[in-house]
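The values are calculated or read from the model by the stated rules, or taken from the named source; none is laboratory data. As the structure is a computational prediction, the values presented were derived from the model and not from experiment. Counting neighbours? That spans all protein chains shown, and the Cβs are built from the backbone with ideal geometry, glycine included.
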Amino acid sequence: MADGYNFQQLKAAILALSRASEWEAARLEWKLVGISEADEPETCLCGHFPIVELCSITNRVTGNSTDVGNVCVKRFLGFRSDLIFASIKRIRKDVDKSIGAEATVFFHERGVINDWEYQFQQSTHAKRNLSVKQLASRHTINRKVLAAVARRGLS
Ligand SMILES: [Zn+2]
């Protein structure tokens, strides 16, 4: 691929960590488990440099984990991590804004937001005019989400 995202290289790296030997089966063994932002740009498994938005993925079958850049995770594994990163940018810029559906599901799954907050998000995420109390709840959720996005190099 001409844009620096080498699919063959990524595929070989992922297959080596998977149980299945066929790509179409192997990719299904993987699950998105975390997202982080690198302080120092890193190199994706595909060879692309620089990557700053990192996605941690784990293989359900082998238990192997690795990090892949946001673009490859979306393009080759089909996870919409780009939408999660977009949510993070949106609420970082304006804490009154709401995270999107993908981010809501992801952070709930990861235990960052609880069941009540998950329900609250479902019913209010598209709303612009929240009550004072609702806005406070949204802020709490947003702060939890921002705190959950790991920053590399600071730990
Ligand atoms: Zn890549």
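Residue check, Leu54 against (1) without any contact (Cβ under 8 Å) to a residue 12 or more places away in the chain; (2) assigned to a strand (DSSP E or B), all met but one. Which one?
Unmet for Leu54, out of (1) without any contact (Cβ under 8 Å) to a residue 12 or more places away in the chain; (2) assigned to a strand (DSSP E or B): (1).
Would you check which residues across the stretch 32-72 are closer than 19 Å to Val145 by Cβ and of a type outside the set (S, T, N, Q) and list them?
Leu32, Val33, Gly34, Ile35, Glu37, Ala38, Val52, Glu53, Leu54, Cys55
Consider Gln119 against the criteria (1) in contact (Cβ under 8 Å) with a residue 12 or more places away in the chain; (2) more than 14 Å from the chain's Cα centre (by Cα): it satisfies all of them except one. Which criterion is unmet?
Among (1) in contact (Cβ under 8 Å) with a residue 12 or more places away in the chain; (2) more than 14 Å from the chain's Cα centre (by Cα), the lone unmet condition for Gln119 is (1).
Please go through (1) in contact with a Lys or Arg (Cβ under 9 Å, 6 or more places away or on another chain); (2) within 15 Å of the ligand (Cβ to nearest atom); (3) β-branched (Val, Ile, Thr) for Val95 and return the number of the only condition it doesn't satisfy.
For Val95, the failing item is (2).
Which one of Phe106, Phe120 is outside the structural domain of Ala20 (by TED's automatic domain parsing) and closer than 23 Å to Arg27 by Cβ?
Values: Phe120 fails: closer than 23 Å to Arg27 by Cβ.
Result of the check over Phe106, Phe120: Phe106.
Would you please name the residue that is farthest from Val33 (Cα to Cα), looking only at residues in the stretch 81-96 that are in contact (Cβ under 8 Å) with a residue 12 or more places away in the chain and assigned to a loop (DSSP other than H, G, I, E, B)?
If we filter the stretch 81-96 for residues that are in contact (Cβ under 8 Å) with a residue 12 or more places away in the chain, which is where we start, we get 81-88, 91-92, 95-96.
Those still in the list that are assigned to a loop (DSSP other than H, G, I, E, B) too: 95-96.
Values: Val95: 24, Asp96: 26 Å.
Restricting to residues being in contact (Cβ under 8 Å) with a residue 12 or more places away in the chain and assigned to a loop (DSSP other than H, G, I, E, B), the top hit is Asp96.
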